[in-house]
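Q: Quick one: structure below, then a few questions.
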C-alpha cells in the first residue's frame, strides 16, 4: 500500500499567518480532508498533528522519516496580500516537482489562481526549507491561498471550502502515485449522508465515527459523531481513560480530559493478551492518529504491531508494552 505523510503547518502557541482566518486552523481542516480522501482511495496516511498542539519542525521531519512515506507535503496558507496558490519543491526536481505540478493543477481545477511551482535556495545552494531539504521522501510545501487577501481567501474561508481544498491536494497526490480517484468523499453532506452513519444505524460506519458513538454511549458523552478526530474527540478519549483508571484501579483522578502528571502516574502497563476498555481506548487513539487496526478491545497481534510502529515513530522503546511513556505520547 502506498504511504503519504501530511505535515500540518504551525499549531498550538504558533498561530501561523492571521488574517480573515487563522492559518493553523485552516491548515488542520485542509490536511484532515486530504487524509480522509487519500484513505478512501486506498492510500495509507499519517499526519504530523491531529489537534491544535505545538510541534517543532524537527519533530515533524523525524516523524515523517520514521514513517517512510512515498510522498509528503507540508500544508500551509499564505500571507502578504498576494493572490493564488503556489507549491514549493526541491531544487533537484524529480518526483517532488511532479507532485507540486499535480497539486497545483488540482487547485486550479477548483477555481484557484496559480502562482506557479517554485523553489527556494539557501546561500549554499541547497533547499532553503527544512521540510523539503531534510525529509527522505519527495516533499512539497503547499500554500493554497492568502489568508489576508479578502478576495483570495474566499476559496477557503469556510470549513466546507477548506475540505474542498484538501481534496484537491489529495487528488494531486493520487495523480502522482498513478492512482485513479474512484471514491469521491462528499464534503457538503453530514457524516450520515456520505455513508458514515452513527453506530446506532446498524450500517457500516467510519472508524472514528464508530469510536465517537461508542464514547458517547459508554461514558455518557455528547461529542459530535462526525468521523473527525479533533480536540473534542481527543478530550473524550482522555476522559474515558481517566474513568477506567478510577473504576478499575481507584486512581482518584479528576475526569477533566487533561493528560497531566497524575493521570500519567496512574497508568498501568497494558500488553499483548490483555482485553477490556483500556485496551479499547488505546486502539481508538491509535486509529485516530492514523494507524490501521480495529478497536475490538483485544490486544492481539495486529494491535501489538501497531503499538510497536507507534513507539518507533515516536522515538520510544519498541517493546510493545503500553506503559507510562507510551500512554503519554498517545494521550497527552
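Coordinate-derived values only; no laboratory data. Keep in mind that what you see is a predicted model, and the values were worked out from it rather than measured. Please note: Cβ atoms are built from the backbone with ideal geometry, for glycine as well, and neighbour counts cover all protein chains shown.
Q: Relative contact order of the chain, please, whole-number percent, based on alpha carbon pairs below 8 angstrom and at least 6 residues apart.
A: Contact order relative to length: 16 percent.
Q: How do the peptides 142-154, 90-102, 248-260 rank, highest first, by the average count of neighbouring beta carbon atoms within 10 Å per residue?
A: Most protected by this proxy first, the peptides run 142-154, 90-102, 248-260.
Q: In nm, give the distance between the simple-model label positions of residue 292 and residue 128, each being 7 Å from the Cα along the Cα-to-Cβ direction.
A: With each label placed 7 Å out from Cα toward Cβ, I get 3.8 nm.
Q: For residue 1 paired with residue 18, estimate the spin-label separation in nm (one decimal), with each label point 7 Å from Cα along the Cα-to-Cβ line.
A: The answer from the label model is 4.0 nm.
Q: May I ask you to derive the relative contact order of region 202-331, considering only C-alpha pairs under 8 Å and at least 6 residues apart, and to give it as an integer percent?
A: Averaging sequence separation for qualifying contacts and normalising by length gives 21 percent for region 202-331.
Q: Return the FRET efficiency for the residue pair residue 56, residue 91: r is the Cβ-Cβ distance, R0 is 22 Å, and the value is rounded to the nearest 0.05.
A: 0.35
Q: Compute the angle between helix 57-67 and the longest alpha-carbon principal axis of the chain, please, reported from 0 to 90 degrees and rounded to the nearest 10.
A: So the helix axis and the longest Cα principal axis differ by about 70 degrees.
Q: Quick check: the distance between the Cα centres of region 293-314 and region 58-132, to the nearest angstrom?
A: Spelled out, the Cα-based centre of one part sits 32 Å from the other.
Q: Mind sorting 158, 263, 180 by how few other Cβ atoms lie within 10 Å of their own Cβ, fewest first?
A: 180, 158, 263
Q: Need one number: nm distance between label points at residue 256 and residue 66, each 7 Å from Cα along Cα→Cβ, rounded to one decimal.
A: So the label points at residue 256 and residue 66 sit 2.8 nm apart.
Q: Follow-up question, since we're still on this one. Would you mind putting 311-320, 122-131 in packing order, based on average other-beta-carbon counts within 10 Å, highest first?
A: 311-320, 122-131
Q: Report the full-extension gain for the segment residue 157 to residue 302: residue separation times 0.36 nm, less the Cα-Cα distance, to one decimal in nm.
A: 48.2 nm
Q: Something else: Among the DSSP beta bridges whose two residues both lie in region 3-177, what percent are antiparallel, rounded to the nearest 5?
A: Taking every DSSP beta bridge with both residues in region 3-177, the antiparallel ones total about 25 percent.
Q: OK, next. Over all distinct alpha-carbon pairs, what is the Kirkwood Rh of region 202-331 in angstrom?
A: Over region 202-331, the inverse of the mean reciprocal pair distance is 14.7 Å.
Q: In the chain, what % of DSSP beta bridges are antiparallel (nearest 5)?
A: 30 percent
Q: Across the Cα atoms of region 3-177, what radius of gyration and what greatest pairwise Cα-Cα distance (Dmax) are found, in Å?
A: Cα only, region 3-177: 14.4, 42 Å (Rg, Dmax).
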